[in-house]
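Taken together, the values in this text are just the output of simple stated rules run on the coordinates, not laboratory data. Note that the coordinates shown come from a computational prediction; the quantities given were computed from them, not determined experimentally. Glycine gets a Cβ as well: all are built from the backbone with ideal geometry, and neighbour counts include every protein chain shown.
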C-alpha cells in the first residue's frame, strides 16, 4: 500500500479490510493538530482484521477494551479483530498500520496490548508499507510478511495503558476529570459531586480498574503528559494543564513513574 499523507482521500487508496491478503500495511504522515487539548476523538469502530499501529513520530492515544492506551514514538498497539476502539493523534505524526487477517494472527495476543518495537520490526513495517496492495503471493513479498508476523509475535509487551471503568457513575467522573485534568479535587470531592460516599467510590473504582483513585489519576496524568509532549507542548505547559503547582513537582512525578525526566524520555523515544 502507498504511504498516505495528510490528504483525506488519496486517489490510490484501497480499504485494507477488503484486500484479499493476510497482511496489509499502510503508512500515514502529516500534522494532525497544533494544540494539545483532549478534543475531537474518532468515533468507536471495529475492523474485521486485526490492527497493529506503530508510531514513529507524534503520539497516538486509543481507547479499546475498557482501557486507554498511549503510543509514544517507537511503541505499537495491537488490537485484535472485531474489537471496538477509537483513536486520536496529536502533533506531527508518522505511523504505520498493519491489518492482519485473523487466520494469520493465531500466534498474536488475543487481547489488546501495547508492544515495544524492535529495530527489525520497525524496518519490516516500513518496507511492507511500500508494497502494492495486491502483492504477489508465494514470492518475496509474502516471505517478508511472514517474517513480519514472526517478529511481531516476539515483540515485548508495554504497559502504557489506563483501565477505563464501565460503571455509568464512574464514567461521569472519569469524563469530567479528562475534560479538566487540572482539577485537583480529592476523592472526597469527586464522591460528593457524584452523589456517592467516598467508600463506595473507592470500592467501585478498585473493582473496575484495579486501582485506587490517586493511582488512577496519576496514570491518566502520565498518559496526557506523553500525548501533550508528543504534540510539542513544553514541560511547563503540561504541568499547568495537569494542575501541578510547579514544573518541578510534575517532573518529579514523571521521573518516578517512567524512570527519566520528560525531556530525556521523549528524546530517547524520538531518537
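Helix 140-153 and the longest principal axis of the C-alpha atoms of the chain enclose an angle of approximately 30°.
What list do you get for 44, 250 if you sort them by fewest beta carbons within 10 Å?
In order of increasing Cβ crowding within 10 Å: 44, 250.
Gain on full extension, evaluated as 0.36 nm per residue between residue 202 and residue 126 minus their Cα-Cα distance, stands at 22.9 nm. Each residue in 95, 112 was given a count of other beta-carbon atoms within 10 angstrom of its own, and listing them fewest first yields 112, 95. In the stretch 87-166 the Cα-Cα distances spread across 10 Å bins starting at 0 as 14, 44, 33, 8, 1 percent of all pairs. Cα extents for the chain along the principal axes, largest to smallest and rounded to whole angstrom: 63, 34, 34. If you look at the Cα atoms of the stretch 152-226, you get an Rg and a Dmax of 13.7, 47 Å. Extents of the stretch 198-254, largest first, come to 37, 21, 15 Å (Cα atoms, principal axes, whole angstrom).
Could you compute how fast the stretch 16-153 diffuses translationally, taking Rh as the Kirkwood radius over C-alpha pairs and applying Stokes-Einstein at 25 °C with viscosity 0.890 mPa s? Give it in µm² per second.
Values: Rh = 15.2 Å.
Estimated diffusion coefficient is 161 µm²/s.
To the nearest 10 degrees, how steeply does helix 119-129 sit against the main Cα axis of the chain, on a 0 to 90 scale? Once rounded, the angle reads 60 degrees. Counting other Cβ atoms within 10 Å as a rough exposure proxy, the listed residues 106, 25 run 106, 25 from fewest neighbours to most.
Find the eigenvalues of the gyration tensor of the Cα atoms of the stretch 165-271, then list the square roots of 5 times those eigenvalues as equivalent ellipsoid semi-axes, largest first, in whole angstrom. Mind showing how you got there, number by number?
On the way: eigenvalues 157, 37, 28 Å².
Largest first, the stretch 165-271 gives 28, 14, 12 Å.
Given contacts defined as C-alpha pairs under 8 Å and at least six residues apart, what's the relative contact order of the chain, whole-number percent? Walk me through the numbers before you get to the answer.
Details: 491 pairs, mean separation 54.4, N = 271.
RCO, the chain: 20 percent.
Picking from 14, 59, 235, which is most flexible by a Gaussian network model of the chain using Cα springs under 10 Å? So, out of 14, 59, 235, the one fluctuating most is 14. In the chain, the calculated helix contribution to ellipticity at 222 nm averages -11500 deg cm²/dmol per residue, counting -39,500 (n - 2.57) for every DSSP H run with n ≥ 4. Using 0.36 nm per residue and subtracting the Cα-Cα separation, the extra length available between residue 43 and residue 182 on full extension is 47.5 nm.
Once the chain from residue 57 to residue 18 is taken as fully extended at 0.36 nm per residue, the excess over their C-alpha distance is 11.3 nm. The angle between the Cα long axis of helix 213-230 and the main principal axis of the chain comes to about 50°, on a 0 to 90 degree scale.
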